[in-house]
Amino acid sequence: NGNRTEYSMLFAGPGWTPQTFKPKYLIRPGSAGNHYMMFARTGIEVLDETVLDTSQATAFAMSFYNSNKLRSVTIDIRSLKAFADVFNFGGALETVALKNVPETCNFTGGFSGCNKLTNFTVTGTIGGTAFNLSSCSMLTDASVQCIIDHLKDRTGTTAATLTFHKTVGGKLTQAQKDAISAKNWTLAY
């Protein structure tokens with residue numbers, strides 16, 4: 001009746017497709033669960049806030065791991081403490097929108113193997129010690145600028161590392177490189 005709060009592996013596997021995934025209630029992972037591999041290897045193609053409210057989830061490691069049919073995801077991560085391998089090996093993933101990113105969220109991986117990721121938007125502040133998009137060679141210029149604009153200003157603190165794919169890194173303007181450096185992020189590609 002829409003009261004479930006733990007979703008570990010609940011929608012995992014290729015049996016979940018656009019034809020079989022018809023949730024009657026909003027999927028709302030709670031703060032107490034870990035929601036491990038919630039949509040791993042799913043056959044679902046699009047997930048957004050009309051079916052998924054992740055705003056209370058404090059953890060969902062590998063939630064979209066190896067989901068090779070998933071093309072677009074919008075998630076609110078305002079309560080997330082660690083972004084651990086969330087989208088790794090999402091080979092079909094083209095669009096990701098991360099909403100309300102808390103600057104205290106630590107990004108440990110998350111986009112490895114997402115070689116079709118093109119559109120990336122973020123609201124909030126990308127903090128932590130690293131942000132790695134080294135697998136993502138197709139990011140649009142607007143996506144790259146959005147990432148740069150939302151990096152935490154680490155002036156006066158320990159530098160963090162921003163890693164882009166070499167193709168993306170090679171297209172950065174000097175102004176973008178300067179903006180990254182001014183926020184005390186080390187650029188790698």
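Numbers for the structure displayed
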quantity: Test: Phe111 is buried (at least 21 other Cβ atoms within 10 Å of the Cβ) and either of a type in the set (Ser, Thr, Tyr) or part of a strand (DSSP E or B) (or both); calculated: no
quantity: Criterion (buried (at least 20 other Cβ atoms within 10 Å of the Cβ) and over 13 Å from the mean Cα position of the chain (by Cα)) met by exactly one of Tyr7, Tyr36; calculated: Tyr7
quantity: Counted residues, region 142-170 - those being polar (S, T, N, Q) and surrounded by 13 or more Cβ atoms within 10 Å (Cβ to Cβ); calculated: 4
quantity: Unique match (being modelled with pLDDT under 95 and open to solvent by 30 Å² or more (accessible area, probe 1.4 Å)) among Asn106, Asn100; calculated: Asn106
quantity: Residue check for Ala57: farther than 24 Å from Lys116 by Cβ, out of contact with any strand residue (DSSP E or B) (no Cβ under 7 Å at 6 or more places or on another chain) and not β-branched (Val, Ile, Thr); calculated: yes
quantity: Number of the exception - Thr123 against (1) at pLDDT 95 or above; (2) over 13 Å from the mean Cα position of the chain (by Cα); calculated: (2)
quantity: Inter-residue pairs, beta-carbon under 9 Å, first of a type in the set (Asp, Glu) and in region 6-25, second open to solvent by 40 Å² or more (accessible area, probe 1.4 Å) and assigned to a loop (DSSP other than H, G, I, E, B), 6+ apart; calculated: Glu6/Ala32; Glu6/Asn34
quantity: Ala82 open to solvent by 20 Å² or more (accessible area, probe 1.4 Å), among the small types (Gly, Ala, Ser), touching a residue at least 12 places away in the same chain (Cβ under 8 Å) and closer than 24 Å to Thr186 by Cα; calculated: yes
quantity: Residue within region 136-152 that is under 14 Å from the mean Cα position of the chain (by Cα) and among the polar types (S, T, N, Q) present; calculated: yes
quantity: Residue tally, condition modelled with pLDDT of 95 or more, of a type outside the set (D, E, K, R) and part of a loop (DSSP other than H, G, I, E, B), over region 67-78; calculated: 2
quantity: Val46 closer than 18 Å to Thr121 by Cα, without any contact (Cβ under 8 Å) to a residue 40 or more places away in the chain and open to solvent by less than 10 Å² (accessible area, probe 1.4 Å); calculated: no
quantity: Given (1) among the polar types (S, T, N, Q); (2) over 18 Å from Thr58 (Cβ atoms); (3) in a loop (DSSP other than H, G, I, E, B), index of the condition Thr123 fails; calculated: (3)
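Quick grid of which residues meet (1) assigned to a loop (DSSP other than H, G, I, E, B); (2) of a type outside the set (Ser, Thr, Tyr); (3) closer than 20 Å to Gly110 by Cβ; (4) in contact with a Leu (Cβ under 8 Å, 6 or more places away or on another chain):
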position: Gly128; (1), (2), (3), (4): yes, yes, yes, no
position: Met138; (1), (2), (3), (4): yes, yes, yes, yes
position: Val144; (1), (2), (3), (4): no, yes, yes, yes
position: Ile147; (1), (2), (3), (4): no, yes, yes, yes
position: Gly156; (1), (2), (3), (4): yes, yes, no, no
position: Val168; (1), (2), (3), (4): no, yes, yes, yes
position: Ala175; (1), (2), (3), (4): no, yes, no, no
position: Asp178; (1), (2), (3), (4): no, yes, no, no
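The values are calculated or read from the model by the stated rules, or taken from the named source; none is laboratory data. All of these numbers come straight from a predicted model, not from anything done at the bench. Positions of Cβ are backbone-derived with ideal geometry, glycine not excepted, and every protein chain shown enters the neighbour counts. What goes into the accessible areas is simple: the full protein's heavy atoms, side chains included, and nothing from ligands, DNA or RNA. Shrake-Rupley method; radii C 1.70, N 1.55, O 1.52, S 1.80 Å.
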